[in-house]
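Written out below as structure tokens is the structure these notes cover.
Just so it is clear, none of the values below were taken in a lab; they were calculated from the coordinates. Owing to the predicted nature of the structure, the values given are computational and were not obtained by experimental measurement. Here the Cβ is made from the backbone with ideal geometry for all residues, glycine too, and neighbour counts use every protein chain on show.
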Amino acid sequence: MNQELLLTKRRSMFEEVWIRFLRKPIAVLGGLIILIVTLSCLLAPVIAPYDYDDQDVTRKFTEPNKDFFFGTDNLGRDVFSRLLYGGRISLMVGFVSASVAAVFGVAFGGIAGFYGKKTDNIIMRILDVFMALPQMLLAIVISAMLGTGIKGAIIAVTIATIPRYAQAVRGPILAIRNQEFVEAAFAIDASDSRIILRHILPNVLSPIIVQVTLGVGSAITMAASLSFLGLGVQPPYPEWGAMISAARVYILDHSYLVTFPGLAIAIVVLALNLLGDGLRDAMDPRWKE
Amino acid sequence: MGTMLEVRNLKKYFKVNAGLLHAVDGVSFKLEEGHTLGVVGESGCGKSTLGRVILHLHDSTGGQILYHGKDITNVSRSELSRLRHEMQIIFQDPYSSLNPRMTVFQTIAEPMEIFGKFSSDEIEHRVYEMMDTVGLARRFVNSYPHELDGGRRQRIGISRALVLNPKFIVCDEPVSALDVSIQAQVLNLMLDIQEKLGLTYIFITHDLSVVKYISDDILVMYLGQMVEKAPSDELFTHQYHPYTKALISAVPRADIDYKRKRTQLRGELTSPINPRPGCRFATRCIYSKPNCFIETPELVEVSPNHLVRCHYAREINCL
Amino acid sequence: MSETILEAKNLSVRYVTKDLGTCYAVNDISIALKKGYTLGLVGETGAGKTTFAKAILRILPQPQGKVTSGTVLLNDEDLYQKSDQEMRKIRGKKISMIFQDPMTALNPIDTVGDQIAEVLRLHFNINRKEAELRSAQILEMVGIPGERRNEYPHQFSGGMKQRVVIAMALACSPELLIADEPTTALDVTIQAQVLDMMNDLKQEIGTSMILITHDLGVVADMCDEVAVIYAGEILETGSANDIFKNMSHPYTIGLFESLPDLSSKGKRLNSIPGLMPDPTHLPVGCKFAPRCAFSVEQCSAASIPLIEISNTHFCRCLFPQKRRNQNGNNA
């Protein structure tokens, strides 16, 4: 009987997403770029030909050549090595801020979406106040209050992005909340926390993952912008935005000092966006053709 | 066999922007153990809300619910926990009533996990037992809902409702979303397990042939109110309320010798928000008189066990 | 001029997808519809009815939908030889289709009058004023006051929306109307009103109709001829009388016996065991054999042809059953 054949098409959810993701070469490219960049930066102590602080004014402003792939800066430091070490900071600020903001954002958005009515109103109005300010402005204000440094940068970017995550998550949660299987969970006497953790969150995982992926890109940009403005991470740390800022004065004669860090940011953010878009399509809950 | 469930003047109103929506407005009935009460009506009549209010998935706005004689209208959380094991629900949509991220096993096992007093062996044993009872092949135990068809998904929903041995189940349009041949399989199943386990059902549906097939008594609802209630056979032989007449005559029969009468309804459904006094069916009723728009009719027993809410039920039916 | 308005000859349609393989949705279907008649196409979910309808109008989803054989003739003209432009002239004017869900068939940002007028102006050379007038008239024809032409779809109930949809479909007085489960999403009393209206219009305009449904009651109400479709094939076809009084295919009989009619209280329904086969892995021979109580080896050996039971009644079965009355007893 053909009943057996109905069994053979089983694939886990994860496998399904993975297969669909692999079908979009651009998204896979984005993923690969991120992977390569992240690995390279993590392995900076191994890969980088020079230390990020290795100064030698005799070789300052060297054009890119085989010894110094991206040239050297005003203090003779190797730009390529600084990019690798700097990437660790830029990427870390981006990932950590996005992740922490996601946790808080999901918590706020989740509680607002699940309990609805008054709770929803209160939480969302508070977040509205934060969102009334442009994200960058908010980050600047908080960073200015906290002073320079990695910790300050992370906190500022995190707080500035929480409201958007909360809002992005609240919609899908409201939608799921009204599905019958959530009602069914109430009917079998499930506690509120069980319903949120077991029934609602796993079903909004897709939008959350996509948001976080895209959010890392925007966090990296924000962190770089803060450094550029003299807030956040400052020299001698080779954070990419700080590198651009320091190189501004040399832009006419030694434009490569600005170009390479700029390209690094652009490529990473672009790759994250492609990855996020690809994930969003791969996770589209329309399994049935 | 005693009265398992009694509902007295049950009301559920929702606050909406435009005012107060009378979803359920004064429903009363008694349900004997082992019997099936069919609740029929069209969209907006409140039948689904009625089922959910009885199960405390919505809070009631007024009236009483009595379970085995005890008032459970406003129960404590812990008492509600205990009740939930005895009173269960089967939903209409086999697509949205199952968590897409949980396997068949997880869905059926969950009520036991929540109850907390079962070992994992006992849970596994019971899950397979349930799958056998509802005719779901064991090989699907680790499947996800999206891999299965509507009929199988509905069986999962039924197992989930049965797993803790309930006494009473609200069936909210359990076969409406299924194909005809699957519908027959699931209806047979529901009758079998009712017999085997001594279950009491409230069967909510818009399908008149199904309700006649499965119910002992039938309640007809319109815009939140009970308009007629009678034993199943009696209702189909003698309908007294103009809405019931229109409803029954509107159903097309699979019989080419049957000539369906032209519809006996005027106009459209009126709004359940802030309803005016008078009969709510009056604007559509072909028998309506001026009085119908002013005075709200009461439920009256016009023949043994047969209740009607209509001023002129006797005249219209020559009783 | 023949009496036949629409003919499908050996039509086969496949859906080709990377994920699930090839889905054999329609397998060698032939029908002939006489002018002014209504054909009921009865089947359950996945039988291929909607695919068949879309193939007639050539609106199959591209690129997955492929017609692999056969053709469709409208008034003896081969629709599959027509250009895209010619097909556009035919759709809405000669053949109209209405779909199941009235909620999504109407454009929410246009008034209903404008949507009807749009259809008119696409096919007739009339100015705006004239189109407005006619759209109001058409609304009246479906029982909606003409003044409501300036209202938006969300201001109408489900039943009224479906009437608007029907009005749009009939605006150009098409020769053929294909209605895909037109009343399934509606309440029973509204369904009755809409069916009455469709019957009236049919008489007035003389439209031929293909009515796709799973509801045998609706078929009895509306159809002159019936074709029962299963796994992309026609299993039985004949006049309404042939099918309802003399049903022969075990599947057709099974369908009737699955219905809780108003006389079978308490007895278990004779349900058909199992499920429709996976359209990507159809069995050889009779597609219904795996579920059939009467099947033998021969049934699954090779394709079963349509066997003639009378000159109007055909059945794709090697062992057509004797007629049964309502209670499942042999007559």
With unit charges on the beta carbon (Lys/Arg positive, Asp/Glu negative), name the residue among B:135, B:66, B:215 whose Cα is farthest towards the positive pole of the charge dipole of region B:3-252.
B:66
Across peptide B:254-267, what mean number of C-beta atoms from other chains lies inside 10 Å of a residue's C-beta?
5
Can you pull the Kirkwood radius for region C:88-186, inverse mean 1/r over Cα pairs, to one decimal in Å?
13.3
Amide H to amide H, which residues 5 or more places from residue A:51 or on other chains are under 5 Å from it, using H placed in the peptide plane?
none
Considering region B:1-77, what Rg and Dmax in Å follow from its alpha-carbon atoms?
12.9, 45
Neighbour-limited loop hits for GluC sites (Glu not before Pro), region C:3-102 (at most 16 other Cβ within 10 Å; DSSP other than H, G, I, E, B):
C:3
For the pair residue A:107 and residue A:57, what calculated FRET efficiency results from E = 1/(1 + (r/R0)^6), where r is the Cβ-Cβ distance and R0 = 41 Å, to the nearest 0.05?
0.20
Its Cα gyration tensor gives region B:3-252 an equivalent ellipsoid whose semi-axes in whole Å, largest first, are 30, 22, 17
Exceeding 29 Å between C-alpha atoms, which entries from my cross-link table qualify? They are B:259/C:34; B:15/B:289; C:93/C:161; B:212/C:287; B:15/B:245; B:196/B:229.
B:15/B:289; B:212/C:287; B:15/B:245
Viscosity 1.567 mPa s, 4 °C: Kirkwood-radius Stokes-Einstein D of region A:42-145 over Cα pairs, µm²/s
75
Would you mind getting me the FRET efficiency between residue A:209 and residue B:233? Use the beta-carbon distance for r and R0 = 51 Å, nearest 0.05.
0.35
Using 10 Å bins from zero, what percent of all Cα-Cα pairs in the protein assembly as shown falls into each bin?
2, 10, 16, 19, 19, 15, 9, 6, 3, 1, 0, 0
Return the average number of partner chain Cβ atoms within 10 angstrom of each residue Cβ along peptide B:83-92.
3
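For the protein assembly as shown, what is the calculated [θ] at 222 nm in deg cm²/dmol (nearest 500), taking -39500 (n - 2.57) for each run of four or more DSSP H residues and dividing by its residue count?
So the calculated ellipticity at 222 nm is -13500 deg cm²/dmol.
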Count, for each residue of B:230-239, the Cβ atoms from other chains sitting within 10 Å of its Cβ, then give me the mean as a whole number.
1
Share of Cα-Cα pairs in region B:68-174 lying beyond 15 Å, as whole percent:
63
Tally Lys and Arg at +1 and Asp and Glu at -1 over the other residues with C-beta under 11 Å from the C-beta of residue B:239: what net charge comes out?
-1
Tell me, what is the FRET efficiency for residue B:257 and residue A:191 to the nearest 0.05, using R0 = 41 angstrom and their Cβ-Cβ distance as r?
0.10
What translational diffusion coefficient, to the nearest whole µm²/s, does chain C have by Stokes-Einstein, given a Kirkwood radius computed over alpha-carbon pairs, a temperature of 4 °C and 1.567 mPa s viscosity?
61
Based solely on C-alpha atoms, express the radius of gyration and the Dmax of region A:147-287 in angstrom.
20.6, 72
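What are the trypsin sites (Lys or Arg not before Pro) within region A:198-289 that DSSP puts in a loop, where the Cβ has at most 11 other Cβ atoms within 10 Å?
A:286, A:288
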How about region B:28-102: which GluC sites (Glu not before Pro) there lie in a loop by DSSP and see at most 16 other Cβ atoms within 10 Å?
B:33
Based solely on C-alpha atoms, express the radius of gyration and the Dmax of chain A in angstrom.
22.9, 82
With only alpha-carbon pairs counted, each pair once and no self-pairs, how large is the Kirkwood hydrodynamic radius of region A:71-226 in angstroms?
17.1
